[in-house]
Amino acid sequence: MFKKSVNKGMEKVKLFATWSSPFVKRIIWALKLKNIEHEIIYEDLANKSPELLKYNPIHKKVPVLVHNEIPICESLVILEYIDETWKDAPRPLLPKDPLDKANQRFWAKFSDDQVLPSFYGYIMKQGNEKEEAKETTLAHLKRVEQLLSEKKFLSGESVGFLDLVFGWLAENSRPLEVVTGLKLFDEDSFPNLCAWRDKFLEVPAIKESWPDQETLIAKYQEINLSKGK
Amino acid sequence: MGKDDVKLMTMWASPFCMRVKVALAEKEIAYEEIQENDLLTCKSDLLLKSNPVHKQVPVLFHDDKPICESTNIITYLDEAFPAKPLFPECAYGRSRARFWADYIDCKVHPAGRAIWSTKEKDEVEAAKNNFLEIMKYLAGTLGDKDYFNGDKFGFVDILLIGLTTWFPAYEKYGDFKLEDHYPKLAAWITRSWARETVSESLTSPEKITNLVIMLRKMHGLE
């Protein structure tokens, strides 16, 4: 269906995105960390472009990375593709050791299959469901807190794959706190997580990405994630 | 307990354990199997200690270090034991394999379960149609090829083949035959089962179907 044509020295990279998707943002951060020139195409999910539907006919979702007209879908797949294709630029996102890689991939799935759904469940649900989601999320976050003991970043000494995967938590927790009044974790109970959040948001590639923290607050207020709702 | 001491914790009916066994056989990696017999009421201490997050099999131990989640395990095996690779060589081919791994893992087993875990005719019909819709895309990507990656049995084949032990149960309760809808996919199943690494690693579909009958009885569906 898609024939790979490589035009050396003229890599064309496009990313189909939305501003709010946690799965998109991790790709933008990866592209910036790797200094890969790229074009971002923001989609209106209520009115998906023919290009998006052509490149991701099965899931019809963002993110989709298109590299020299070849599409790659699913954010964790895209991250590994970026890391393998632009191997050392400037350094790998994933460790070399297979066991360390396997551990990071395990926790990446934990982020996406467990933590993210329960976190957003806590934000969005009401009543008993909200309470249950809160308890579940706190239990999950305790595991992440443990992962960070004696480590600067989830990936080790420098920001890497697992930090990008969990980055949605660093990026969205404070803006959502401001907008909804719901505070899930603080420095007393989750010192490692809070310290990691601050360090992650200070990494230049992360700090310089749009939308920034203030813009996120404004955008969440616009879509009416109001207090107590 | 020397270098490359490999153990695999399994349960006989789990298609996720079966796929790891196929991968180990394909890569000719010797291992010791540790069978968990009672996952419903009494998980072993070793399982709870080595997979505290999900408390599920399979768990691979490589020199006593646990690796969890079957797709993750198979990827790990391919990287830690580079001989007889299961993944394609190029980054794009690998990304396609990972995409289909995610698709298979998210969709196939839950969709199949929905067929046999209800008595309501309209729910069964809807579940069957959903399952066939999922198979449509798999059949589409297989196309006319012998295997998902071409002419070599590999990563995506291994992930899917264990799940096919449950297909006759889906066909029984959904009242359909996969080969009537996707004959090339059915032929791929037959072709894959002809491999010794597959036939010796997989539980017989008859045994799985009997398990489904028992589970339905337990839930008052028979």
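The values are calculated or read from the model by the stated rules, or taken from the named source; none is laboratory data. This structure is a prediction, so every number in the text was calculated from the model and none was measured. Counting neighbours? That spans all protein chains shown, and the Cβs are built from the backbone with ideal geometry, glycine included. Calculation scope for accessible area: heavy atoms of the full protein, side chains included, ligands and nucleic acids excluded. Shrake-Rupley method; radii C 1.70, N 1.55, O 1.52, S 1.80 Å.
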Practice problem: Mind ranking B:109-118, B:176-185 by how tightly packed they are, going by the mean number of other C-beta atoms within 10 angstrom, highest first? | Solution: B:109-118, B:176-185
Quiz prompt | Volume of the Cα convex hull of the stretch B:80-164, divided per residue and given in Å³ | solution = 102 Å³
Quiz prompt | Cα-based convex hull, chain B, per residue volume (Å³, whole number) | solution = 123 Å³
Quiz item: What is the distance, in nm, between label points placed 7 Å from the Cα along the Cα-to-Cβ direction at A:Ser209 and at A:Glu39?
Solution: 2.1 nm
Exercise. Would you mind putting A:156-162, A:183-189 in packing order, based on average other-beta-carbon counts within 10 Å, highest first?
Key: A:156-162, A:183-189
Quiz prompt | Alpha-carbon radius of gyration plus Dmax, which is the widest Cα pair, for the stretch B:105-222 in Å | solution = 14.4, 45
Self-check item: Reduced Cα scattering model of the protein assembly as shown, Debye log10 I(q)/I(0), q = 0.06, 0.07, 0.10, 0.12 Å⁻¹
Solution: -0.28, -0.38, -0.82, -1.20
Quiz item: Quick one: Cα centre-to-centre distance for the stretch B:1-78 and the stretch A:67-133, in angstrom?
Solution: 23 Å
Practice problem: Calculate the mean, over all residues of peptide A:62-69, of how many other protein chain Cβ atoms lie within 10 angstrom of the residue's Cβ. | Solution: 1
Quiz prompt | Hydrodynamic radius by Kirkwood, which averages 1/r over all alpha carbon pairs of the stretch A:161-224, in angstrom | solution = 12.3 Å
Quiz item: Magnitude of the Cβ-charge dipole of the protein assembly as shown, K/R +1 and D/E -1, about the Cα centre, nearest 20 debye?
Solution: 600 debye
Quiz item: Placing +1 at every Lys and Arg Cβ and -1 at every Asp and Glu Cβ, with all other atoms neutral, what dipole size does the stretch B:1-111 have around its Cα centre, in debye to the nearest 20?
Solution: 340 debye
Practice problem: Taking H placed 1.01 Å from N in the peptide plane, check which residues at least 5 places from B:Thr10 or on another chain put their amide H under 5 Å from its amide H. | Solution: B:Ile34, B:Gln35, B:Glu36
Exercise. Please name which of B:Val124, A:Asn56, B:Val108 has its Cα lying farthest along the dipole of the protein assembly as shown towards the positive end, using unit charges on Cβ (Lys, Arg +1; Asp, Glu -1) and the Cα centre as origin.
Key: A:Asn56
Quiz item: Based on the inverse mean of 1/r over its pairs of different Cα atoms, what is the Kirkwood hydrodynamic radius of chain A, in Å?
Solution: 18.6 Å
Self-check item: About the Cα centre, charge dipole magnitude for the stretch A:71-204 (Lys/Arg +1, Asp/Glu -1 at Cβ), debye
Solution: 40 debye
Quiz prompt | Partner chain coverage, peptide A:50-58 - average Cβ within 10 angstrom | solution = 1
Self-check item: Test item: B:95-102 mean partner chain Cβ contacts at 10 Å
Solution: 6
Quiz item: Principal axis lengths of the stretch A:90-192 from Cα atoms, whole Å, largest first?
Solution: 45, 23, 22
Self-check item: Rg ratio (alpha-carbon, reference 2.2 N^0.38 Å) - the stretch B:1-105
Solution: 1.09
Exercise. Just list whichever of B:Lys107/B:Lys128; B:Lys21/B:Lys217; A:Lys109/B:Lys145; A:Lys25/A:Lys142; B:Lys107/B:Lys136 have alpha carbons separated by over 19 Å in the model shown.
Key: B:Lys21/B:Lys217; A:Lys109/B:Lys145; A:Lys25/A:Lys142
Exercise. Could you order B:Met18, A:Met124 so the one with the most accessible surface comes first? Probe is 1.4 Å.
Key: A:Met124, B:Met18
Quiz item: How big is the Kirkwood radius of the stretch B:49-124, worked out from every pair of different alpha carbons and given in Å to one decimal?
Solution: 15.0 Å
Quiz item: Applying the Karplus parametrisation 6.51 cos²θ - 1.76 cosθ + 1.60 with θ = phi - 60° to the phi angles of the stretch B:155-171, what ³J(HN,Hα) value in whole Hz is obtained for each residue in order, glycine and proline being reported as x?
Solution: 3, 5, 4, 5, 5, 7, 4, x, 5, 5, 5, 8, 4, x, 5, 4, 5
Quiz item: Using θ = phi - 60° and the Karplus curve 6.51 cos²θ - 1.76 cosθ + 1.60, what whole-Hz ³J(HN,Hα) does each residue of the stretch A:22-37 get, with Gly and Pro shown as x?
Solution: x, 6, 6, 4, 5, 6, 4, 4, 4, 4, 6, 4, 8, 6, 9, 5
